[in-house]
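Heads up: the structure comes next, in C-alpha cells.
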Amino acid sequence: MRAFSMPQNILGEGPLWDAESQALWWVDIHGKTIFRQACNQSQAESHSFEKRPTALGFSNDKQLIIAFEDGIFHWSPSTQRTPLKMLNERASNRTNDGKVGPDGQFWFGTMDDEEQLDSGALYSLSASGQLTQHQAHIGISNTFAWSPDGQWFYFADSKAQRIYQYPVTSSGLGTAEIFVDLQGTSIYPDGSCIDSEGCLWNAQWDGHRVVRYAPDGSILQIVSLPVQRPTSCCFGGPEGSHLFVTTASVGLTESDMTAQPLAGKVLVIETNTTGTANHYWGQPT
C-alpha cells in the first residue's frame, strides 16, 4: 500500500479509472476540485470550480459526466461545462455519489448537506435527458455498483449504515434486500466497486478499512488502512489489479492528522483480482 496522490483532499471521492490514458480521475467535494493523475505522473492536474463536484462518469464521447451539488453536467478540460439536468430539490440537499450503469444512464443520489434529514433520493439520468427517481427518503446516498452480469445493483445509505442489493428489472429496480448491515457499530459503508469475480469492495468511513464482500454478503477480506475515513474505491492500473482508495481529512483533529499523515490522499493497494470495465453514458452494454 502506498500514497498515489500528493494533494491532501478535504473530502476525496468519486475515483474513476481511465484505462485508455492510464489515469485516475477523482474529486475533492469540499475543495471544489476535480483531479486527474496518470500512473507515470508524480503530480496531479487540478481543475477548480465554483460549485462542489461529487461524482464522475464517462460519456460515450470520452468527456466526463459530473454530478455537481445542484445538477448534472457534461465537461472535459478542453470544453466549457454544459448543464444536462438541474435538480429541483430542497435547498439543503446536494448530490453525492454516482456512476454510469450498464444501461448507459448516469445513476446518482442526493443527501441532506447537514446529514440530519432523510431527504435524499436515488436517480438515473438517461442520454435523452429523462430524469427518473427510483427511491426517496434516503439519508446519505453512496455505493453505485453492478454485478458483472448486470443482474444486481448495489446501493448504500450510509446514514442507515446499510448496503442494499436490488434485482435489476426491465423497468428499473426490484425490491431491495439488505446486503450488508453495520447498524450497531461506529462504522459507515461509503463508496464501492465490483471486481471481475462479482465481489463488492466497500470503503468504510470511520472503519480504517476496505472490505471485500462475496456475492452472498459474507466477508472475504478486510484490508486495514492507515487512515480513518476512506470514502470510495475503484480498480485500475496497468493490469487492472490496483485498488485506488480515496480518503478524507474532514472532521479530523490536529492530533488525528499527526497520527494519520495519509488522510485525504488517494491510496493504492495491489490485489489478486481485477475490476470490471467502465460503462459509458448514452451507450448501454
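The values are calculated or read from the model by the stated rules, or taken from the named source; none is laboratory data. Since we're looking at a predicted model, the values are computed, not measured. We place every Cβ from the backbone using ideal geometry, glycine too, and count neighbours over all the protein chains shown. Surface accessibility is based on the protein's heavy atoms, side chains included, excluding ligands, DNA and RNA. Shrake-Rupley method; radii C 1.70, N 1.55, O 1.52, S 1.80 Å.
So the values come out like this:
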{"read-out": "Relative packing of peptides 125-131, 244-250 - highest average C-beta neighbours within 10 Å first", "value": "244-250, 125-131"}
{"read-out": "Kirkwood Rh (inverse of mean 1/r, distinct Cα pairs), segment 168-285, angstrom", "value": "15.5 Å"}
{"read-out": "Eligible lysines near LYS265 by straight Cα distance, threshold 17 Å, same-chain separation 8 or greater", "value": "LYS32"}
{"read-out": "Ranked by how many other beta carbons lie within 10 Å on average, peptides 6-12, 267-273 from highest", "value": "6-12, 267-273"}
{"read-out": "Qualifying aspartates and glutamates (Cα of each under 17 Å from Cα of LYS51; at least 8 residues distant if same chain)", "value": "GLU13, ASP28, GLU69, ASP70, GLU89, ASP97, ASP112, ASP113, GLU114"}
{"read-out": "Relative contact order, percent, segment 126-285 [alpha-carbon distance under 8 Å, six or more residues apart]", "value": "16 percent"}
{"read-out": "Inter-part distance where segment 117-159 and segment 2-72 are each reduced to a Cα centre, Å", "value": "20 Å"}
{"read-out": "Accessible area (Å², per residue) of segment 4-161, counting only protein heavy atoms and a probe of 1.4 Å", "value": "39 Å²"}
{"read-out": "Inter-centroid distance (Cα atoms) of segment 163-182 relative to segment 215-285, Å", "value": "23 Å"}
{"read-out": "Neighbourhood net charge (14 Å Cβ-Cβ; Lys/Arg +1, Asp/Glu -1) for CYS199", "value": "-3"}
{"read-out": "Length-normalised contact order for the chain - Cα pairs under 8 Å, 6+ apart - percent", "value": "18 percent"}
{"read-out": "Value of [θ]222 nm, deg cm²/dmol, for the chain, DSSP H segments ≥ 4, -39500 (n - 2.57) each, nearest 500", "value": "-500 deg cm²/dmol"}
{"read-out": "Nonlocal amide H pairs with GLY31, under 5 Å, H built at 1.01 Å", "value": "ILE10, LEU11"}
{"read-out": "Where the Cα pairs of segment 104-252 fall when distances are cut into 5 Å bins, in %", "value": "2, 9, 18, 23, 21, 15, 9, 3, 0"}
{"read-out": "Cα coordinate range in segment 237-285, projected on the principal axes (Å, largest first)", "value": "47, 28, 13"}
{"read-out": "Most to least packed among 81-94, 205-218 [average Cβ atoms within 10 Å]", "value": "205-218, 81-94"}
{"read-out": "Accessible carbon and sulfur surface of the chain relative to its total accessible area, %, 1.4 Å", "value": "46 percent"}
{"read-out": "Two-site FRET efficiency, ILE178 against THR273, from Cβ-Cβ distance with R₀ of 25 Å, rounded to 0.05", "value": "0.50"}
{"read-out": "Cα-based radius of gyration of segment 67-166 once divided by 2.2 N^0.38 Å, which approximates compact folds", "value": "1.07"}
{"read-out": "Two-decimal Rg to Rh for the chain - Kirkwood Rh, Cα set", "value": "0.92"}
{"read-out": "GLU69 - accessible surface, heavy atoms, 1.4 Å probe, Å² rounded to 10", "value": "50 Å²"}
{"read-out": "Per-bin percent of Cα-Cα distances, segment 1-107 [10 Å]", "value": "14, 49, 30, 6, 0"}
{"read-out": "Cα gyration tensor category, rounded, prolate or oblate, for segment 115-166 with a/c compared to 1.5", "value": "oblate"}
